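K.L.:
A single structure is presented below for examination.
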Amino acid sequence: MPYLISAFLHQQLIPSFHSVLLRPQTPAVCVVTEFISTNHTKPMATNRTFTMIKPDATQDNHIGGILSMIEEGGFRIVALKKVQLTPERAGQFYEVHKERPFYQDLVKYMSSGPIVAAILEKDNAVADFRTLIGATNPAQAAEGTIRKKYAKSIEANAVHGSDSDENAKIEGDFYFTADEQF
């Protein structure tokens, strides 16, 4: 009987089942004593970066195209949400730029419409994503980059990308709880 259960689990319920040893305790009870999976649903963490699809790209219906480019670039989306930032939340996110002359315009712009926040995972995530999005100025962005394809200007440049592993963690945690990051 235990081996029939093992065969059923292996063939029908869990295709990634590699090995199961069942030990009868009573005629009606079995205990799984070993489980080895050969197909993990969540890959081991490599490293992560954070991105936002900014209000201009969101309002122009570029969310799907940008997410497709991200996935085609080999990134795994581990968290994703669409939110409308208040000026206060936008100000908190861009606190590091508070003394810069563009701060107020940036806060106004980032709270002007919905954004899509995402945490992405891949080996060399930060550097590879910075390459994928391209230069801040879309006129200087390389062909095939997100900003070359979707940005309107330096200010309305379609996406934000973290500039370091440390900032990726801080920025991701600003938008997502631990329970929302898979």
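K.L.:
Starting from the stretch 70-121, pick out the GluC sites (Glu not before Pro) whose DSSP state is loop and whose Cβ has at most 12 other Cβ atoms within 10 Å.
P.N.:
99
K.L.:
Quick one: what are the phi-derived ³J(HN,Hα) couplings along the stretch 64-81, Karplus 6.51/-1.76/1.60 with θ = phi - 60°, whole Hz, x for glycine and proline?
P.N.:
My calculation for the stretch 64-81 gives x, x, 5, 4, 4, 4, 5, 5, 5, x, x, 8, 9, 7, 9, 7, 7, 7 Hz in order.
K.L.:
Counting other C-beta atoms within 10 Å, which of 48, 130 has the fewest, and how do the rest follow?
P.N.:
Final ranking by Cβ density, sparse to dense: 130, 48.
K.L.:
From the phi angles alone, apply the Karplus equation (6.51, -1.76, 1.60; θ = phi - 60°) to the stretch 166-180 and give each ³J(HN,Hα) in whole Hz, x where the residue is Gly or Pro.
P.N.:
Couplings: 4, 5, 4, 5, 4, 5, x, 5, 5, 9, 10, 6, 4, 5, 8 Hz.
K.L.:
Mind scanning 149/169; 82/152; 81/108; 98/148 and naming the pairs with a C-alpha gap bigger than 24 Å?
P.N.:
149/169; 98/148
K.L.:
Can you list, largest first and rounded to whole Å, the semi-axes you get for the stretch 48-146 by taking the square root of 5 times each eigenvalue of its Cα gyration tensor?
P.N.:
Calculated on Cα positions only, the semi-axes equal 23, 15, 14 Å.
K.L.:
How would you order 131-140, 144-153 from highest to lowest mean count of nearby Cβ atoms within 10 Å?
P.N.:
144-153, 131-140
K.L.:
Within 10 Å of each residue's Cβ, count the other Cβ atoms and sort 63, 154, 119 from fewest upward.
P.N.:
154, 63, 119
K.L.:
Given charges of +1 on the Cβ of Lys and Arg and -1 on the Cβ of Asp and Glu, with all other atoms neutral, how large is the dipole of the stretch 60-182 about its Cα centre, in debye to the nearest 20?
P.N.:
Here the stretch 60-182 has a charge dipole of around 420 debye.
No lab work stands behind these numbers, since they all come straight from the coordinates. Nothing here was measured: the structure is a model prediction, and the numbers come from that model. Glycine gets a Cβ as well: all are built from the backbone with ideal geometry, and neighbour counts include every protein chain shown.
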